[in-house]
Amino acid sequence: TDPSVKTYSTEVWNKMYQSIPNLNNVLVNVETRKEVFTGNNYKTVKGEALALRAYLHFDLLRLFAPAPSTGQLAVPAIPYVTSISASATPLSSVEQVLQNCITDLTAADELLSADDLTTSQVTKWAVKGLLARVYMYKGDNAQAQENALAVINSNKFSLSTSNADLFFTKESLFKLYIYNNNYYAYFKSVFGSPYLLGLSCSSQTAVYITDNGASTDYR
């Protein structure tokens, strides 16, 4: 009920639902303008748009609807918007939204190339990672494991073994490319003095206590 929280929540909801029709617009136009694409670009653009549509709806579901673990799969949750229309899209249930996410991601998985490792765009591996998250959130651990292992067993993403790269670039499946003049200052505020998160095993241990004594795991 706090006004600032309500304002922020409304802004998140509105901006994400502004982005989704933009993706739907892309999906409509890739079908009607196939002739402008060369090589594998048609599949890449369509796959990315489908994956991002699922990505946004999944975050909206997690933010604004009951978690599946509460047993409320059938309750109305959020609209899953797949078309461009002046009419409001009816609410889908939690279960329907999750299934729509899986449908979009499965289609994206079939379109995207396994050889594309561009982490600033959605790739097949980012899709499989997201599928693992969606299935785990749904409670389908078998499918979650299958998709997670597909990423792990691809041997394309190695775990970090040092604190030289605190963004763990080699582990990244997908990240937003953001240019900000103050980004380095933000980085230093987290990883530099006085916090030293990631730079000192003792400071990590103070924040993240481990049972197995693996203090060299910089995550």
* Residue-wise HN-Hα coupling along the range 53-70, computed from phi with Karplus coefficients 6.51, -1.76, 1.60 (Hz; x: Gly, Pro) -> 4, 5, 4, 5, 5, 5, 5, 4, 4, 5, 7, 10, 9, x, 6, x, 5, 7
* Structure fact -> The answer for Ala77, listing residues at least 5 apart or on another chain whose modeled amide H is closer than 5 Å to its amide H, is Ser92, Ser93, Val94
* Surface share of carbon and sulfur [accessible, 1.4 angstrom probe, percent] for the range 1-59 -> 55
* Asked: How high is the FRET efficiency between Thr118 and Ala67 when r is their beta carbon distance and R₀ equals 35 Å, given to the nearest 0.05?
  -> 0.65
* Asked: Taking Cα centroids, how far is the range 150-170 from the range 1-59 in Å?
  -> 28
* Asked: Per residue, how much accessible area does the range 61-155 show when a 1.4 Å probe rolls over the protein heavy atoms, in square angstrom?
  -> 52
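What net charge is computed for the residues neighbouring Lys128, neighbours being all others with C-beta under 12 Å from the C-beta of Lys128, Lys and Arg scored +1, Asp and Glu -1?
On the way: positive: Lys124, Arg133, Lys156; negative: Asp109, Glu110, Glu146.
Taking every other residue near Lys128 into account, the sum is 0.
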* Asked: Can you list the HN-Hα couplings for the range 129-135, worked out from phi with the Karplus curve (6.51, -1.76, 1.60; θ = phi - 60°), rounded to whole Hz and with x for Gly and Pro?
  -> x, 5, 4, 4, 5, 4, 5
* Structure fact -> Residue-ordered couplings for the range 112-128, obtained by feeding phi - 60° into the Karplus form 6.51 cos²θ - 1.76 cosθ + 1.60 and rounding to whole Hz (Gly and Pro as x), are 7, 7, 6, 8, 7, 10, 6, 7, 8, 10, 6, 10, 4, 6, 5, 5, 5
* Structure fact -> By the Cα gyration tensor axes a ≥ b ≥ c (a/c under 1.5 gives rounded; else a/b larger than b/c gives prolate, otherwise oblate), the shape of the range 67-157 is oblate
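The values are calculated or read from the model by the stated rules, or taken from the named source; none is laboratory data. Bear in mind that the values here come from a model prediction, so they are computed numbers and not experimental data. Neighbour counts are summed over all protein chains in view; Cβ atoms, including those assigned to glycine, are modelled from backbone coordinates with ideal geometry. What goes into the accessible areas is simple: the full protein's heavy atoms, side chains included, and nothing from ligands, DNA or RNA. Shrake-Rupley method; radii C 1.70, N 1.55, O 1.52, S 1.80 Å.
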